[in-house]
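*Asks:* Here it is, the structure, as structure tokens.
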Amino acid sequence: GAPRAPRLGRAGPRGCCCLRSCWRRTQTDRSGARRRLASAELQGSELQGTVHDTQGRSPTYQLDSRGRLVLAEAQVGDERDYVCVVRAGAAGTAEATARLSVFAKPEATEVSPNRGTLSVMEDSAQPIATCNSLNGNPAPQITWYRDGQRLEVPVEMNPEGYMTTRTVREASGLLSLTSTLYLRLHKADRDASFHCAAHYSLPAGHHGRLDSPTFRLTLHYPTEHVQFWVGSPSTTAGWVREGDSVQLVCRGDGSPSPEYTFFRLQDKQEEVLNINLEGNLTLVGVHRGQSGTYGCRVEDYDAAEDVQLSQTLELHVAYLDPLELSAREELSLALNSSTAVNCSVQGLPSPALRWTKDSVPLGDGPTLSLSPVTFDSAGTYTCEAFMPTVPLLSRTRSFELLVQGSPELRAEETERKAESSWREGDEATLICSARSYPEPKLLWSQPGGSPAEPVPGRQGWVSSSLTLKVTSALSQDGVSCEASNPHGSSRHVFHFGTVAPQTPQAGVAVMAVAVSVGLLLLVVAAFYCMRRKGRPGCCRRREKGAPPPGEPELSHSGSERPEQTGLLMGGASGGARGGSGGFGDEC
């Protein structure tokens, strides 16, 4: 790692080497020989330092102003004892030793697991993994863990497990440690997680730890148990529906995955269906003939002799045939008659039957009784077959009941009033509703009735309405509505009782209308006379005289008045002539 500041070990009794006289610092190498590295002498009030031997170190040794030895950028090679020697002339010589330790944090811990398949049937320890901690100082220690728990394994060979270690000094002077773990494996180790950790030292008595990534082992172990079941879809009772695709699943607990043989037992003979490594068999679109005994066998030749490697199960295919009804899809019955309709079906397991009418439940069982039949009985009847133990397996069949008979009629007024409360000119809306089969026709005794239309929310009913003014004539005869079909007819008469005359306000209104019409006629007559002014004798009164030449003389009866005669003549001739002996207006 990066150079670190050196840690000085225990020095002499005084802890530093400072005397006001000449003194030297020397180095003790690994062989015990001393080499003088530097010295310092007091000259006047200052120390004069000299480096004698650099030992090939870069950067070189240095002495500071107080005569202390400085090792810049500490290196692993600096790790040794340093001796300070002080010479004080006649006073003699003294020395003290300081031990320098250099610490380097190792690189990230690496682990190389055994990628092969390890057998649990081996009776000795097998190599599990190798752990490396590189370039540290001092040399780290390696420990092993299984599922987070430290493995206490010896360094001596042992059948149950041990580990070996090897330390290498790199060219840099740093140390690398390699450890290999050996274990005797068991089936329980198939899901175990392993890793190693490097423990290293730091200055001031501190320690660090670097963990490797975790790893798992691939084990070979024989089958001990075999399971065989019906996969989805299936019911809790083990039934599958006819037409579904069914999956049979077989699993042995050996590793690696063994070979699976699927078969069907027929007359105690095995009919092999499939052999694969997945342990799955899919039966596509099963039918009732595929019900029976199916088996699975695990082909594991390493298994113990007492292990049951074959398993069987019973496959039950549920089926439901189409329903049959004793009635046709459209059943027509006379009003007030009786009948019974039977529903039958074949299936396994035994199906249940229930009846509904227009989605309303009627009852359970194969027979539907209808007695007596009314118009309310008409509708759609459905027989449903289902299996409580096999969800979603059901069938239905329906028929339509038509009730034939004379129409049933209902009548109502939108504004019902008590008899004698109607007045001349009141408006009334009459409604007739009827039902029957065939559909009835609705006829009114008065014109203006609407076409018959179905009544919303009332099955089988049709209705027609008639809006009219109430008159005294209607109060005598009433208004009738008739519903008819080939089976008969029904009739209803709406009565209004005594119809009161219009109120005075109503009479004044009628009189005002009559006067207005009369004035309009006078205006038209005056306009006509003005158009006739240009003709001789128009709107002119004259005396009676002889008729113009060429015209015959008219005779008059004693009962006719001359004025009337003149008017008749004028009206007959279309001209301006008057009768003899009188006056008349030709206009």
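*Asks:* Answer yes or no: is there a residue in the stretch 96-108 that is out of contact with any Pro (no Cβ under 8 Å at 6 or more places or on another chain), in a strand (DSSP E or B) and more than 26 Å from GLY56 (Cα to Cα).
*Replies:* No, the stretch 96-108 contains no residue that is out of contact with any Pro (no Cβ under 8 Å at 6 or more places or on another chain), in a strand (DSSP E or B) and more than 26 Å from GLY56 (Cα to Cα).
*Asks:* May I pose another question? Can you give me the number of residues within the stretch 412-448 that are open to solvent by 90 Å² or more (accessible area, probe 1.4 Å), modelled with pLDDT under 90 and in a strand (DSSP E or B)?
*Replies:* 3
*Asks:* Further question: Examine the stretch 459-469 for a residue that is open to solvent by 50 Å² or more (accessible area, probe 1.4 Å), more than 14 Å from ILE431 (Cα to Cα), in contact with a strand residue (DSSP E or B) (Cβ under 8 Å, 6 or more places away or on another chain) and polar (S, T, N, Q), and state whether such a residue exists.
*Replies:* Yes, the stretch 459-469 has at least one match.
*Asks:* Can you name every residue in the stretch 348-389 that is aliphatic (A, V, I, L, M), under 30 Å from VAL317 (Cβ atoms) and in a loop (DSSP other than H, G, I, E, B)?
*Replies:* If the condition is that a residue be aliphatic (A, V, I, L, M), under 30 Å from VAL317 (Cβ atoms) and in a loop (DSSP other than H, G, I, E, B), then MET387 is the only one that fits.
*Asks:* Moving on to the next point. Pick from the stretch 70-108 the residues that are acidic (Asp, Glu) and open to solvent by 20 Å² or more (accessible area, probe 1.4 Å): which of them is farthest from the chain's Cα centre (by Cα)?
*Replies:* Once the filter is applied, the top-ranked residue is GLU95.
*Asks:* Sticking with this one: Select from the stretch 392-411 the residues that are in contact with a Lys or Arg (Cβ under 9 Å, 6 or more places away or on another chain) and outside any strand (DSSP E or B) and write down the one among them that is modelled with the lowest pLDDT.
*Replies:* Among residues in the stretch 392-411 that are in contact with a Lys or Arg (Cβ under 9 Å, 6 or more places away or on another chain) and outside any strand (DSSP E or B), the one modelled with the lowest pLDDT is LEU392.
*Asks:* Show the residue pairs meeting these rules: Cβ distance below 8 Å; 6+ apart or different chains; first residue within the stretch 360-376 and touching a residue at least 24 places away in the same chain (Cβ under 8 Å) and closer than 25 Å to ARG410 by Cβ; second residue among the charged types (D, E, K, R) and assigned to a strand (DSSP E or B).
*Replies:* Qualifying pairs under 8 Å: PHE375/GLU408; PHE375/ARG435.
*Asks:* State the number of residues belonging to the stretch 200-232 that are among the β-branched types (Val, Ile, Thr) and not in a strand (DSSP E or B).
*Replies:* Residues flagged as among the β-branched types (Val, Ile, Thr) and not in a strand (DSSP E or B) within the stretch 200-232 amount to 2.
*Asks:* Suppose the filter is open to solvent by less than 20 Å² (accessible area, probe 1.4 Å), in contact (Cβ under 8 Å) with a residue 40 or more places away in the chain and either in a loop (DSSP other than H, G, I, E, B) or charged (D, E, K, R) (or both); does THR235 pass it?
*Replies:* No, not satisfied.
*Asks:* Just for the stretch 307-322: of the residues that are of a type outside the set (Ser, Thr, Tyr) and in contact with an Asp or Glu (Cβ under 9 Å, 6 or more places away or on another chain), which one is surrounded by the most Cβ atoms within 10 Å (Cβ to Cβ)?
*Replies:* Among them, the one singled out is ALA318.
*Asks:* Give me the pairs: first residue in the stretch 277-295 and within 30 Å of PRO256 (Cβ to Cβ), second residue assigned to a strand (DSSP E or B) and aromatic (Phe, Trp, Tyr), beta-carbon distance under 6 Å, and six or more apart or on different chains, which are they?
*Replies:* GLY279/TYR260; LEU281/PHE262; GLY295/PHE263
*Asks:* Here is a follow-up. Name the strands (runs of 3 or more DSSP E) wholly inside the stretch 33-91 in which the number of residues that are closer than 18 Å to GLY173 by Cβ is 1 or more.
*Replies:* 81-87
*Asks:* May I ask you to list the residues in the stretch 172-212 that are closer than 22 Å to VAL76 by Cβ, among the aliphatic types (A, V, I, L, M) and surrounded by 12 or more Cβ atoms within 10 Å (Cβ to Cβ)?
*Replies:* Listed by number, the residues that qualify are LEU174, LEU175, LEU177, ALA198, LEU202, LEU210.
*Asks:* Looking only at the stretch 294-306, decide whether some residue is of a type in the set (Asp, Glu) and crowded, with 19+ Cβ neighbours inside 10 Å.
*Replies:* yes
*Asks:* Report yes if some residue within the stretch 148-171 is open to solvent by 60 Å² or more (accessible area, probe 1.4 Å), under 22 Å from GLY254 (Cα atoms), at pLDDT below 95 and not in a loop (DSSP other than H, G, I, E, B); otherwise report no.
*Replies:* Scanning the stretch 148-171, I find no residue that is open to solvent by 60 Å² or more (accessible area, probe 1.4 Å), under 22 Å from GLY254 (Cα atoms), at pLDDT below 95 and not in a loop (DSSP other than H, G, I, E, B), so the answer is no.
*Asks:* Open to solvent by 70 Å² or more (accessible area, probe 1.4 Å) and closer than 23 Å to GLN311 by Cα, is that true of TRP229?
*Replies:* In short, yes.
*Asks:* On to the next question. Could you tell me which numbered condition ASP267 fails, if it satisfies all but one of (1) touching a strand residue (DSSP E or B) at 6+ places or on another chain (Cβ under 9 Å); (2) charged (D, E, K, R); (3) open to solvent by 70 Å² or more (accessible area, probe 1.4 Å)?
*Replies:* Of everything listed in (1) touching a strand residue (DSSP E or B) at 6+ places or on another chain (Cβ under 9 Å); (2) charged (D, E, K, R); (3) open to solvent by 70 Å² or more (accessible area, probe 1.4 Å), ASP267 misses just condition (1).
*Asks:* Of everything in the stretch 109-133, what is outside any strand (DSSP E or B), closer than 20 Å to PRO256 by Cα and either polar (S, T, N, Q) or open to solvent by less than 10 Å² (accessible area, probe 1.4 Å) (or both)? Give them in sequence order.
*Replies:* ASN114 - this is the single residue of the stretch 109-133 that is outside any strand (DSSP E or B), closer than 20 Å to PRO256 by Cα and either polar (S, T, N, Q) or open to solvent by less than 10 Å² (accessible area, probe 1.4 Å) (or both).
*Asks:* Taking GLU278, is it at negative phi, of a type outside the set (A, V, I, L, M, F, W, C), in contact with a helix residue (DSSP H, G or I) (Cβ under 8 Å, 6 or more places away or on another chain) and open to solvent by 50 Å² or more (accessible area, probe 1.4 Å)?
*Replies:* When the stated conditions are applied, GLU278 does not pass them.
*Asks:* Search the stretch 345-360 for residues being modelled with pLDDT of 95 or more and more than 30 Å from SER291 (Cα to Cα), and hand back the single one that is most open to solvent (accessible area, probe 1.4 Å).
*Replies:* Out of the qualifying residues, it is THR356.
The values are calculated or read from the model by the stated rules, or taken from the named source; none is laboratory data. A quick note: this is a predicted structure, and the numbers were derived from the prediction, not measured. With ideal geometry, Cβ positions are generated from the backbone for all residues, glycine too; neighbour counts draw on all protein chains shown. The accessibility values were calculated without ligands, DNA or RNA, using every heavy atom of the protein model including side chains. Shrake-Rupley method; radii C 1.70, N 1.55, O 1.52, S 1.80 Å.
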